[in-house]
1. What number of residues in the stretch 1-53 are assigned to a loop (DSSP other than H, G, I, E, B), crowded, with 24+ Cβ neighbours inside 10 Å and near the ligand (Cβ under 9 Å from one of its atoms)?
2. Out of V189, V185, which single residue is more than 15 Å from the ligand (Cβ to nearest atom), surrounded by 17 or more Cβ atoms within 10 Å (Cβ to Cβ) and modelled with pLDDT under 95?
3. Quick one: is V56 part of a helix (DSSP H, G or I) and more than 11 Å from the ligand (Cβ to nearest atom)?
4. Inspect all residues belonging to the stretch 79-87 and state whether any of them is within 15 Å of the chain's Cα centre (by Cα), touching a residue at least 24 places away in the same chain (Cβ under 8 Å), in the same structural domain as M155 (by TED's automatic domain parsing) and closer than 24 Å to L201 by Cβ.
5. F80 versus (1) over 27 Å from G118 (Cα atoms); (2) away from the ligand (no atom under 13 Å from the Cβ): which is the lone unmet condition?
6. Looking at (1) over 30 Å from R290 (Cα atoms); (2) of a type outside the set (A, V, I, L, M, F, W, C); (3) within 20 Å of the chain's Cα centre (by Cα), find the lone condition where R57 falls short.
Amino acid sequence: MKKIILTGDRPTGPLHLGHYFGSLRNRVALQHEYDQFVMLADVQALTDNAENPEKVRNNILQVALDYLAVGIDPKQTTIFIQSMIPEIAELTIFYLNLVTLARLERNPTVKDEIKNKGFDNNIPAGFLMYPVSQAADITIFNAHLVPVGHDQLPMIEQTVELARKFNRIYGEVFVEPEALVPEDVGRLVGIDGKAKMSKSLGNAIYLSDSPDELTKKVMSMYTDPNHLKVSDPGQVEGNVVFAYLDIFDQNKAEVAELKAQYQRGGLGDVVLKKRLNVLIQDFLAPIRARRESFAKDPDAVMQILKAGTAHARSVAAQTLCKVKKAMKIDYF
Ligand code: TRP
């Protein structure tokens, strides 16, 4: 039997290059060897978007298109919608008894998000406990492996704690999952040079960006603020254009030469940006083309999600039966 993968994304906006290198690429590679489930985490998206349900709804299709565009193949991967699996919500309720408020408040990713979102003392309870819901997402499918970006490691840690505690108290039901984090190319900086590409920081290159949007973003990338004239020596360290060339330019020898020339002085940003733009355009062109062809028939995409959700639900229902039996709440 193939081992199981579960991963997912909050449908709050289209996916970007950070998602691609952080997790999508892994999912495409792993789907042949594993029984893979990919979740559109709309319930989790609502934990900080309760007042924007239409945003979450609209992005279900957008994120599904991104998945299909990068090559997540519905014949090999079960793509499904979280809210259509009420068994996940049931398991979340049971898990909530196995975690303390103090533990929830310690999760470093959640802490960061609380700060960034400016919740102050008005943290929605559903938001604070979403790692518990995420533990239910993962364990209800008996997932062995969770391919995610670095920021998700605290979630997997909490998932393992919950699965272990459940198994200890009620008997062995759950697999303890492991995170699969990509090698370091995974960390793609934003076009502004901030450590992380993110929708909320407005520094992302989307898989669905048009050629013009992409060109504009590449031409506005952060370089070396002290590199004013072409003849000035420039910094490679912290220079976004070079960080991206390291990923997208296969000609490593030439990149090394360009870096040396830049550091000596005499190489302008525009030349480098044009070179990079061609490379990212070539990279995104086939993804964009596939996305456009799927986007012509949204009903067919929704049918893919419907079939995936039906399959996912049958798996989740089986696990929930075992859960209730173990907890001795299988009355009738
Ligand atoms: N928290 C993830 C994110 O913000 C999305 C997610 C929800 C997820 N449930 C999951 C990821 C289960 C992996 C496994 O991107």
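The values are calculated or read from the model by the stated rules, or taken from the named source; none is laboratory data. What you are looking at is a predicted structure, and each value in this text was computed from that prediction instead of being measured. So basically every Cβ, Gly included, is an ideal-geometry build from the backbone, and we count neighbours across all protein chains shown.
1. The first filter runs over the stretch 1-53 and keeps only residues assigned to a loop (DSSP other than H, G, I, E, B), leaving 1-3, 10-15, 31-34, 41, 47-52.
Among the residues that remain, those that are also crowded, with 24+ Cβ neighbours inside 10 Å are: 11, 15, 41.
Subset that is near the ligand (Cβ under 9 Å from one of its atoms): 41.
Going through the stretch 1-53 one residue at a time, the tally reaches 1.
2. Working: V185 fails: surrounded by 17 or more Cβ atoms within 10 Å (Cβ to Cβ).
It is V189.
3. Values: part of a helix (DSSP H, G or I): yes; more than 11 Å from the ligand (Cβ to nearest atom): yes.
Yes: the conditions hold for V56.
4. no
5. Result: F80 fails condition (2) only.
6. It is condition (1) that R57 fails.
Quick grid of which residues meet (1) among the β-branched types (V, I, T); (2) farther than 23 Å from A289 by Cβ; (3) surrounded by 14 or more Cβ atoms within 10 Å (Cβ to Cβ):
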site	(1), (2), (3)
A195	no, yes, no
S200	no, yes, no
I205	yes, no, yes
D209	no, no, yes
D212	no, no, no
K217	no, no, yes
D224	no, yes, yes
D232	no, yes, yes
Q235	no, yes, yes
